[in-house]
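Chemist: After the structure tokens below, expect a handful of questions from me.
The values are calculated or read from the model by the stated rules, or taken from the named source; none is laboratory data. Since this is a predicted model, take the numbers as computed values, not measurements. Positions of Cβ are backbone-derived with ideal geometry, glycine not excepted, and every protein chain shown enters the neighbour counts. The area values use the complete protein model at the heavy-atom level, side chains included, leaving out ligands, DNA and RNA. Shrake-Rupley method; radii C 1.70, N 1.55, O 1.52, S 1.80 Å.
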Amino acid sequence: MLAELLRNGYGNEEGLNCAEKILYGANEVYKLGLDKEALKVASGFGGGMGIESVCGAITGAIMAIGCLFANKNTQEIKKTRDLSKKFFNVYESEMGYIDCTPLKKEYRTEENKCSDVILKAAEILDDIIEEELKR
């Protein structure tokens, strides 16, 4: 769902960063219910929080997981932590890294920018959400 939206160029015209593409797109396909003000939270996470730390596509995915699965009770908070950990582990296993600098070095091109990095995050997020919603 999200991966397909991004494959079709979602967020490119608007100049959304990696975290914004994931969170804004997830907001649409998974009906997170975030308004424009709430979506602004992702703006500072692009480019690995601007310092090439953990990739913004990853942090955007973690935000989406929290929006979908966190409630105020301890059990749900544990669930989001576990799903976030699963996301990190799968992403790192498939891409080799979670930080911007090595991801950019290996996957970024001038033509496609970081689309492969973002798309992989979307695919993993789709898989995790689909699996979790089936439970």
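Chemist: Restricting attention to segment 65-115, which GluC sites (Glu not before Pro) occupy a DSSP loop and are surrounded by at most 16 other Cβ atoms within 10 Å?
Modeler: The qualifying sites are GLU110, GLU111.
Chemist: Further question: Could you please put LYS21, LYS36, LYS85, LYS104 in sequence from largest to smallest accessible area, using a 1.4 Å probe?
Modeler: Correct descending sequence by accessible area is LYS36, LYS85, LYS104, LYS21.
Chemist: Given the options ILE58, ILE124, ILE77, state which has the largest fluctuation in a GNM of the chain using a 10 Å cut-off (strictly under) for Cα springs.
Modeler: ILE77
Chemist: Would you please give the residues with an amide H less than 5 Å from that of ASP99, counting only those at least 5 places away or on a separate chain, with H modeled from the backbone geometry?
Modeler: Under 5 Å from the amide H of ASP99 lie the amide H atoms of CYS55, each far enough along the sequence or on another chain.
Chemist: Solvent-accessible area per residue for the chain at a 1.4 Å probe radius, Å²?
Modeler: 56
Chemist: Quote to one decimal, in nm, the extra length available between ALA38 and LYS78 on full extension: 0.36 nm per residue of separation minus the C-alpha distance between them.
Modeler: Contour length minus Cα-Cα distance gives 12.1 nm.
Chemist: Return the tail of the calculated pair distribution for segment 32-135, meaning the percent of Cα-Cα pairs more than 15 Å apart.
Modeler: When all Cα pairs of segment 32-135 are counted, 64 percent exceed 15 Å.
Chemist: When the accessible area of the chain is split by element with a 1.4 Å probe, what percent falls to carbon and sulfur?
Modeler: On the way: 3820 of 7620 Å².
Answer for the chain is 50 percent, counting heavy atoms of protein chains only.
Chemist: Given the chain, what count of lysine pairs have C-alpha atoms under 20 Å apart, with each pair 8 or more places apart or on different chains?
Modeler: Taking the chain as the scope, the lysine pair count is 22.
Chemist: What FRET efficiency would be calculated for the residue pair MET49, GLU13, taking the C-beta separation as r and a Förster radius of 30 Å, to the nearest 0.05?
Modeler: According to the calculation, E is roughly 0.80.
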